[in-house]
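Participant: Would you mind keeping the following structure in view while I ask a few things?
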Amino acid sequence: MRYSGFKVFTEGLFGNKGWTPAWRDAAPKAEYDAVIIGGGGHGLSTAYYLAKNHGLRNIAVLEKGYLGGGNVGRNTTIVRANYFLPGNSEFYSHSLKLWEKLEGELNYNVMHSQRGQVVLFHSDGQRDAAVRRANAIVNQGDDAEILDVPTLKQLYPFLDYNQTRFPIYGGMNQRRAGTARHDAVAWGYARGADQLGVDLIQNCEVTGIDIEGGKVVGVQTTRGAIKAKKVGMVAAGRSGQVAAMAGMRLPVESHIMQAYVTEGLKPCIDSVISFGMGHFYISQSDKGGLVFGGDIDFYASYAARGNLPMLEHVMEAGMTLMPMIGRAKVLRTWGGIMDMTPDGSPIIDKTHIDGLFVDAGWNYGGFKAIPASGWCMAHLMATGQPHEVAAKFRLDRFRTGHLIDEEGTGSQHNLH
Amino acid sequence: MRLTCPLCGPRDRREFYYYGAEDYLHRPAPDAPIEAWDDHLHLRTNLAGVIKDLWYHEGGCASWLLVTRNTITHEVLSVERVADRKGASA
């Protein structure tokens, strides 16, 4: 079924009885050309682009829970392409371009809103770094501009500009950045993949990866054995457990990252604002809730909920930046399981096992990467060659020293 | 989350610096092959369940601690000083 304004209108006239499920509830077949482990944003987009760009039809996505039940439904929904380093820069640039055409491509409203993101700076040194980054972004072909304080005051009169500790010197703005409805991205890719014949199999946990003579031949699941010529491991925070089934250790440590949302308020923040002197960023959802987050909790965890010290830090940073939010009530907090790599950048690569591929290590940046990650993982699985914008996301780069350390903090698990 | 330091008693998580998995205790020889160093520094078992990892009591006695804890529940099962472990060199 194709969605349209006309369809909404006619369904409204006739009692909304004509809507059908957005995707089939597929049962596993005995054999597939390609199997994707993980039915989150990246797994679903990989399956979609394998079918769409590379003509594969006999594909399954295996999800142990329900589609989009992991990090794609547990994030702060920011979409941007303001990276500095070669490797990241061209990849996120490609991703943003895919985002801009996503709704038409999928015939699905993912509520992509290019409301802009401003990253504030609070010292001369930070200003120099922001200008340098902005130039790098412009050279990549994306947009960035430096906003001075009078301009910022017009746009965001509620920021605390003149406090003595962290006075605001300006901000780096990217107008094409913004937000999207996170669940809808998973649902849109799921529906698109389903329409191209991909089997989306939920409640199907992979319990083993079958390898014969250095080549992958299939997977064992809670719904029986499935043969597969190619297997993609796209399990985000659970990548470590999936890779262990293939006898591998990944350069990944799973950490907790919390996010927070307030009660619904009238429109007051119309873009994404990031604090430059503490890890804090905020936007307002279409429902009115202020959605904000900070840094990871900084210890390995699968609890999907965080601890109070980081919550306190984030609240302090928020109050420092915009005291007006002090009386908003926080409705809920939640945590996602972040697959952190030592340099903070992801991995899209083949493994030493023939036919087994890995897409992991998305740290806290996985949401905006969903389109390009699927695009590049599909390219890799179909052709055996890395896509040109993901060529530096190598699995062995920590051993070889070809790091992509965007923060410049070093190649160590507890530093990103 | 609180950790019970063997010297200082139960203390807030804020007093501690998280270093990482116990892999850091198994340091390869300086002339070991690069794969062994990669394994030591970067590759992780990343278990969901009971693990051991290293914490530093930065805001307390400055001991390096080996913490046994559950990464799914955040339950802390035991905390021992790295220096007190059998065979540890001073």
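Participant: Could you grab me the full set of residues in region A:263-316 that are over 20 Å from the mean Cα position of the chain (by Cα), within 30 Å of B:Leu65 (Cα to Cα), not aromatic (Phe, Trp, Tyr) and not in a loop (DSSP other than H, G, I, E, B)?
Facilitator: Here is the first cut: in region A:263-316, the ones over 20 Å from the mean Cα position of the chain (by Cα) are A:263-270, A:275-278, A:287-289, A:299, A:307-316.
Keeping just the survivors that are within 30 Å of B:Leu65 (Cα to Cα) gives A:278, A:299, A:307-316.
From the residues that got through so far, the ones that are not aromatic (Phe, Trp, Tyr) too are A:278, A:307-316.
Within region A:263-316, A:Leu308, A:Pro309, A:Met310, A:Leu311, A:Glu312, A:His313, A:Val314, A:Met315, A:Glu316 qualify.
Participant: Pairs under 6 Å by beta carbon, first residue more than 13 Å from chain A (Cβ to nearest Cβ) in region B:68-80, partner of a type outside the set (D, E, K, R), six or more apart or different chains?
Facilitator: B:Leu77/B:Thr68; B:Ser78/B:Thr68; B:Val79/B:Leu3; B:Val79/B:Thr4; B:Val79/B:Leu65; B:Val79/B:Val67; B:Glu80/B:Leu66
Participant: So if I check each of A:Phe158, A:Phe166, which one is surrounded by fewer than 23 Cβ atoms within 10 Å (Cβ to Cβ) and in contact with a His (Cβ under 8 Å, 6 or more places away or on another chain)?
Facilitator: Of the residues listed, the single one that is surrounded by fewer than 23 Cβ atoms within 10 Å (Cβ to Cβ) and in contact with a His (Cβ under 8 Å, 6 or more places away or on another chain) is A:Phe166.
Participant: So, in region B:9-40, exactly how many residues are more than 9 Å from chain A (Cβ to nearest Cβ), charged (D, E, K, R) and either under 11 Å from the mean Cα position of the chain (by Cα) or farther than 20 Å from A:Thr400 by Cα (or both)?
Facilitator: 4
For every residue, the table says whether it meets (1) part of a loop (DSSP other than H, G, I, E, B); (2) crowded, with 24+ Cβ neighbours inside 10 Å; (3) at positive phi.
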| residue | (1), (2), (3) |
| --- | --- |
| A:Pro342 | yes, yes, no |
| A:Ser373 | no, yes, no |
| A:Ala382 | no, no, no |
| A:Gln385 | yes, no, no |
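Participant: Condition first: of a type outside the set (A, V, I, L, M) and buried (at least 18 other Cβ atoms within 10 Å of the Cβ). Now tell me which residues in region A:295-309 satisfy that. Show your work before the answer.
Facilitator: Let us first name the residues in region A:295-309 that are of a type outside the set (A, V, I, L, M), namely A:295, A:297-299, A:301-302, A:305-307, A:309.
Within region A:295-309, A:Asp297, A:Phe298, A:Tyr299, A:Ser301, A:Tyr302, A:Gly306, A:Asn307 meet the criteria.
Participant: Now for a different question. Residue by residue through region A:281-314, note down the ones that are without any contact (Cβ under 8 Å) to a residue 24 or more places away in the chain and away from chain B (no Cβ under 14 Å).
Facilitator: Across region A:281-314, the qualifying residues are A:Gln284, A:Lys287.
Participant: Moving on. On the given criteria, is A:Ile347 within 14 Å of another protein chain (Cβ to nearest Cβ) and under 19 Å from A:Ala246 (Cβ atoms)? Break it down into steps so the answer makes sense when it comes.
Facilitator: Values: within 14 Å of another protein chain (Cβ to nearest Cβ): yes; under 19 Å from A:Ala246 (Cβ atoms): yes.
The answer is yes for A:Ile347.
Participant: Within region A:84-95, is even one residue part of a loop (DSSP other than H, G, I, E, B) and closer than 29 Å to A:Ala244 by Cβ?
Facilitator: Narrowing region A:84-95 to residues part of a loop (DSSP other than H, G, I, E, B): A:84-87.
From the residues that got through so far, the ones that are closer than 29 Å to A:Ala244 by Cβ too are A:87.
Yes, region A:84-95 contains at least one residue that is part of a loop (DSSP other than H, G, I, E, B) and closer than 29 Å to A:Ala244 by Cβ.
Participant: Check every one of the helices (runs of 4 or more DSSP H) wholly within region A:124-206 and list those with 3 or more residues that are free of Cβ contacts under 8 Å to residues at least 12 places away in the same chain. Full working, then the answer.
Facilitator: On the way: elements: A:124-140, A:149-155, A:182-195.
In region A:124-206, the matching helices (runs of 4 or more DSSP H) lie at A:124-140, A:149-155.
Participant: Separate question: Only one of (1) over 15 Å from B:Gly59 (Cα atoms); (2) modelled with pLDDT of 95 or more is not met by B:His26, so which one is it?
Facilitator: The one condition B:His26 does not meet is (2).
Participant: Go over the candidates A:Val198, A:Val118 one by one and state the one that is farther than 26 Å from A:Gly318 by Cβ and aliphatic (A, V, I, L, M).
Facilitator: On the way: A:Val118 fails: farther than 26 Å from A:Gly318 by Cβ.
Answer to the check: A:Val198.
Participant: Picking from A:Ile209, A:Ile226, A:Ile269, which residue would you name as being out of contact with any Lys or Arg (no Cβ under 7 Å at 6 or more places or on another chain) and assigned by TED's automatic domain parsing to the domain that holds A:Phe292? So that I can check it myself, show each step before the final result.
Facilitator: Values: A:Ile209 fails: assigned by TED's automatic domain parsing to the domain that holds A:Phe292; A:Ile226 fails: assigned by TED's automatic domain parsing to the domain that holds A:Phe292.
On inspection, the qualifying residue turns out to be A:Ile269.
Participant: Filter region A:243-259 down to the residues that are surrounded by fewer than 23 Cβ atoms within 10 Å (Cβ to Cβ) and out of contact with any helix residue (DSSP H, G or I) (no Cβ under 8 Å at 6 or more places or on another chain), then identify the one that is farthest from the other protein chains (Cβ to nearest Cβ).
Facilitator: It comes out as A:Ala259.
Participant: Moving on to the next point. If a residue has to be away from chain B (no Cβ under 13 Å) and either modelled with pLDDT under 95 or crowded, with 18+ Cβ neighbours inside 10 Å (or both) to count, how many in region A:390-404 make the cut?
Facilitator: Number of matching residues: 4.
Participant: Any idea which residue in region A:74-126 is surrounded by the most Cβ atoms within 10 Å (Cβ to Cβ), counting only those that are among the polar types (S, T, N, Q) and under 20 Å from A:Val291 (Cβ atoms)? Write out each step before concluding.
Facilitator: Going residue by residue through region A:74-126, those that are among the polar types (S, T, N, Q) are A:75-77, A:82, A:88-89, A:93, A:95, A:107, A:109, A:113-114, A:117, A:123, A:126.
Subset that is under 20 Å from A:Val291 (Cβ atoms): A:75-77, A:82, A:109, A:113-114, A:117.
Details: A:Asn75: 22, A:Thr76: 21, A:Thr77: 24, A:Asn82: 27, A:Asn109: 13, A:Ser113: 18, A:Gln114: 18, A:Gln117: 25.
The qualifying residue surrounded by the most Cβ atoms within 10 Å (Cβ to Cβ) is A:Asn82.
The values are calculated or read from the model by the stated rules, or taken from the named source; none is laboratory data. If you're wondering where the values come from, they're calculated on a predicted model, not measured in any experiment. Backbone-built Cβ (ideal geometry, glycine too); neighbour counts: all protein chains shown.
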